[in-house]
Amino acid sequence: MRNVLEAIIAARESGKDVVFTSLIETRGSTPQKPGATMLVHEDGSQVGTLGGGCVEAEVKRQALENLATQTSEVVSFQLNHDYGWDDGLICGGRMKMLISPVAAQTNLEYLQTTLKLLQTGKGLTEAVLLDDSIGVAGTQFLFDHNETFITSSTGETPPSAVTKNLPPLKLRPRPSVAKGVSYLPRLPLIKLIVVGAGHIGRQLTTYAADADFEVTVVDDREIYCNSENIPAAKNWVIGEFDEVLPNLKIDEQTYCVIVTRGHNHDEEALFHIIKRNPKFVGMIGSKRKIKLIFDDLIRNGIDAELLDRVHAPIGLEIGSQTVPEIAISIAAQLIQHRNCESNSAQRKKNTPADSTSEACN
């Protein structure tokens, strides 16, 4: 979404007319899920995607019509043979789109504020009215990571029906619909500490950053732990592990992965990290090596129950052999834990009864 908002603001600053389109509800099989956005320029070019195919072309056609009339509306598309005949793609689902020309200053300010909140990495939630039952369909309301109302696309305050079902971001909710309102959460970045700047650490950082983790890399070798070697990281911490790890900010929401170059460094890193009670901690290595490390840590006073929380060997079982494959398996496990295991019980408990969000299988 960020690239779409940046493109919209740049276009408006140069005086160009554009249309913002956002997927606000889906049912059944669709090429994209709620939250996907696309900018349509006056010449028909675009930034972002709704999944391609005929439906994207139809949304673009509709967007240009709305640009001519300067009207915003919510439009439904049924993905039957009308939108799939040219490439064989017949999803059979339904997509509901917000199509909104960016003309009014209030609307532009709303998008600018949305971009600023996104850039903080703390997350936000958009609430969009799907019909006229509680307000004008297509009206957007913006809430920050604390569920505090910030602004709206019309300058109005949200009806109580909007705030009543607002899902807490701390539960990492999926897009949902409740009582005629679409809730589109933009989740906060998860802090990930990767201990080890070698081949796997470097590759893992790239994948994790692309998956919306904010990565700090820790290593005692400046030649590897730097922005040139690992440009995807947000921070690079250089120093002896027993000196820098105790001073790193690690809380109950932090993810930690240990992939150093040796047995002793892995054990040293785990010794300092596991006592800090991170959200997730994983370590690479063979089962034999891991047992040796655990036994030694227990002898040095680490509670065995703490070690039971360690994901080791880390990585989903996909038959990994190469460095990229190992890094992919680790990144996949991080994503799985973040999206499916973390707060799963609370998320189910707080999902509105008529929500269309999808659970992890």
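The values are calculated or read from the model by the stated rules, or taken from the named source; none is laboratory data. In this text, all values refer to a predicted model and were calculated from it rather than measured experimentally. Glycine gets a Cβ as well: all are built from the backbone with ideal geometry, and neighbour counts include every protein chain shown.
Things to note:
- Between Gly15, Gly51, Gly44, the distinction of being more than 20 Å from Gln140 (Cβ to Cβ), crowded, with 16+ Cβ neighbours inside 10 Å and free of Cβ contacts under 8 Å to residues at least 24 places away in the same chain belongs to Gly51 only.
- Residues that are of a type outside the set (Val, Ile, Thr) and at pLDDT 95 or above, drawn from segment 265-278: His265, Asp266, Glu267, Glu268, Ala269, Leu270, Phe271, His272, Pro278
- Here Ala312 does not fit the description of being touching a residue at least 60 places away in the same chain (Cβ under 8 Å) and among the hydrophobic types (A, V, I, L, M, F, W, C).
- Restricting Lys287, Lys291 to those that are basic (Lys, Arg) and at pLDDT 95 or above reduces the list to Lys291.
- Test: Ala211 is in contact (Cβ under 8 Å) with a residue 60 or more places away in the chain and on the phi < 0 side of the Ramachandran plot: yes
- Filter pass, Lys170 being surrounded by fewer than 19 Cβ atoms within 10 Å (Cβ to Cβ) and outside any loop (DSSP other than H, G, I, E, B): yes
- All conditions in (1) at pLDDT 75 or above; (2) crowded, with 17+ Cβ neighbours inside 10 Å; (3) in contact with a helix residue (DSSP H, G or I) (Cβ under 8 Å, 6 or more places away or on another chain) hold for Arg347, with the sole exception of (1).
- Any chance Ala161 is hydrophobic (A, V, I, L, M, F, W, C) and part of a loop (DSSP other than H, G, I, E, B): no
- For segment 63-129, the strands (runs of 3 or more DSSP E) that sit wholly inside it and include 3 or more residues that are in the same structural domain as Ala178 (by TED's automatic domain parsing), modelled with pLDDT of 90 or more and under 23 Å from Tyr183 (Cβ atoms) are 124-129.
- The numbered conditions (1) within 20 Å of Ile200 (Cα to Cα); (2) surrounded by fewer than 15 Cβ atoms within 10 Å (Cβ to Cβ) are all true for Ala304 except (1).
- Test: residue in segment 278-289 that is in a helix (DSSP H, G or I), among the charged types (D, E, K, R) and in contact with a strand residue (DSSP E or B) (Cβ under 6 Å, 6 or more places away or on another chain): no
- Just one of the numbered conditions (1) out of contact with any strand residue (DSSP E or B) (no Cβ under 6 Å at 6 or more places or on another chain); (2) in the same structural domain as Lys116 (by TED's automatic domain parsing) is not true of Asp144: (1).
- Residue in segment 243-259 that is more than 16 Å from the chain's Cα centre (by Cα), surrounded by fewer than 22 Cβ atoms within 10 Å (Cβ to Cβ) and outside the structural domain of Glu325 (by TED's automatic domain parsing) present: no
- Filter pass, Val59 being in contact (Cβ under 8 Å) with a residue 40 or more places away in the chain and under 20 Å from Thr125 (Cβ atoms): no
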